[in-house]
Amino acid sequence: MNSTFRWQLLATMVIAIIQIITLVLLGRILGFKDLGSFAILQVTFRFALAAFEPGMFFSIVQQHESSPKLIQKLTTTQFKLTILSILILGSIFLYSQELNAWHLAVIACLILLTISVGSKYNNLLILFEKQKEISIIQIFSYSIELVFILITIFKYNPLYIFSIGILIRQFIYYLLCHLVHLKFTKMEMVIAETKYKTNHITPSLQNMASQILSFIQGQYDTLLIFLLFGLPILGPYNLASEFSFLIFSKINPVFSKAIFPSLSKAKKHLVQVDEIILSSLVSYLYFIIPIYFFIWVHAEYILNLAYQSKGKDILVFVRYFLIIALIKAINNILTTYLLSIGASKWVLYWNVTLLGLNYLLCAIFFYYSIEIITFFKFSIFYALIFTLIGITYLLRKIEWTKVSLLDTLYQIFSFLLIINLIIYINSLVFSDFIINSIMVVASFFIVLFLTNRNKFTQLINFKISE
């Protein structure tokens, strides 16, 4: 787990810098209506990731099994589902009045096809625990995307340049994963069990359905904003969302990719998993909560620096979005724990419930033409309630050592109380953002050393668990 974490953390740091540059260019160059159109393309990109990464190859990582015959069966099933998705997606783009843009439809379908075909190779590398190779490929593919954007952005339509950039990034990433996996396939192949349907097909379909339902139920806000206000408001709404969820999108995959294979393996070999979960959860919360609180405190300065005049237009959105993103980030890591210990069926049923409830609320809000700020306030409460339900289920699913659980809660509460108080006081005392940032980073390590020396030692060695 810890080796995986180190390489994923390195890749995330480099990719985060690249994505910040891209996001700043996106916000400054595109108008709000084009931002709205790009938001729709991003929805299709995220759908492709939700449905087909890992898609049908979920089981080979969870079960730690693979064989040529199994891979062929999973690939065939994934391809059939891909064709169906492309037909549905293309129809939506081509027949919607406001989204009538065949250029974006073609790009979106190519992105979906690339992810579907390529995810096999990515997940085989994860199975073989080749996180070093994956991290290097990720950095390279994101770098190529940025170079492409910088070279072409002022020569051609920027909406299409940013869209094609995503396609180029994914194509290069999966192509290199394919080339690298050839080096390890024969050397480190794991023999699968014979019950393909029970051990692989069914769990993978359940996980895919769960991920698709989770994606659909998570997009109800985009649909509502689009229906109520159109692309001109969806644009700044999405820009605020991208800004607020950037930390989520970078930190969560680092932890998830380290936690999922290790915890699944521990569960399969009947190893007690409560200590692994608690230790990795402490590391996660120590990172995610202070970072989000720091950004929330300094949001106005950061937005004005990044987006200039557009910053003030999205500040109100960002204030709410940051709180929502933090709650959903924690909920996402809880889902990773549940999937790792084999609770994919419960996650599927849970997402079906949320799907129905979310779109019922969407219909009600649309009927009453709810104001956007009211919607934000409701979303915070709504996300918090369902995260608490997820915590409750996880507590019931695992046999916990009571002393360890209480000790962990105390560690989390004491550290976060102190560090967040320091962040807030620093913002009042020091007006310079750079000084603030340096003081917060220094305070983080000092407080961590004083309150939890064991965790301090782990983190400076880039470990998230024992």
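Whole-Hz Karplus values for the stretch 392-398 come out as 4, 5, 5, 4, 7, 7, 10 Hz, taken residue by residue from phi with 6.51 cos²θ - 1.76 cosθ + 1.60 and θ = phi - 60°; glycine and proline positions read x. Our coupling estimate for the stretch 147-158, obtained by passing each phi through the Karplus curve with A = 6.51, B = -1.76, C = 1.60 and θ = phi - 60°, is 4, 4, 5, 5, 6, 10, 4, 9, 9, 10, 4, x Hz, Gly and Pro reported as x.
Direction-averaged projected area, Cα convex hull, the stretch 5-57: 4.7 nm², rounded to one decimal. Distant-in-sequence amide contacts of H298, defined by a placed amide H-H separation under 5 Å and a gap of 5 or more residues or a different chain, comprise nothing. Backbone phi angles across the stretch 408-420, fed through the Karplus curve with coefficients 6.51, -1.76 and 1.60 (θ = phi - 60°), yield HN-Hα couplings of 5, 4, 5, 4, 4, 5, 5, 5, 5, 4, 5, 5, 5 Hz in residue order; Gly and Pro are listed as x. Between the C-alpha center of the stretch 1-65 and that of the stretch 360-427 there is a gap of 23 Å. Please work out whether the stretch 385-440 counts as rounded, prolate or oblate from its C-alpha gyration tensor, where a ≥ b ≥ c are the square roots of the eigenvalues and a/c under 1.5 means rounded, while otherwise a/b larger than b/c means prolate and anything else oblate? Prolate. When K328, K120 are compared by accessible surface with a 1.4 Å probe, the order from highest to lowest is K328, K120. For the listed residue pairs K69/K345; K73/K397; K120/K155; K33/K250; K130/K155; K80/K130, the alpha carbons are over 30 angstrom apart in K73/K397; K120/K155; K130/K155. With R₀ set to 45 Å, the beta-carbon distance separating R453 from T392 gives a calculated FRET efficiency near 0.90. Can you give the translational diffusion coefficient of the stretch 208-258 in µm²/s, computed by Stokes-Einstein from the Kirkwood radius over Cα pairs at 20 °C and 1.002 mPa s? Answer, rounded: 171 µm²/s.
About its Cα centre, what dipole magnitude does the chain give when the only charges are +1 on Lys and Arg Cβ and -1 on Asp and Glu Cβ, stated in debye to the nearest 20? Before the final figure, lay out the partial values.
Details: 33 positive and 20 negative charges, 184 e Å.
Its charge dipole is roughly 880 debye.
Counting protein heavy atoms only, the stretch 273-337 has 67 percent of its accessible area on carbon and sulfur, 1.4 angstrom probe.
Checking (i) 24.4; (ii) 23.3; (iii) 27.0 against the coordinates, the calculated Kirkwood radius over Cα pairs in Å falls under label (ii).
The values are calculated or read from the model by the stated rules, or taken from the named source; none is laboratory data. Computed from a prediction, not measured in an experiment: that's the story for all the values here. Because the Cβ atoms are built from the backbone with ideal geometry, glycine has one as well, and the counts that use them run over all protein chains shown. To get the accessible areas, we keep the full protein, side chains included, count just its heavy atoms, and leave off ligands, DNA and RNA. Shrake-Rupley method; radii C 1.70, N 1.55, O 1.52, S 1.80 Å.
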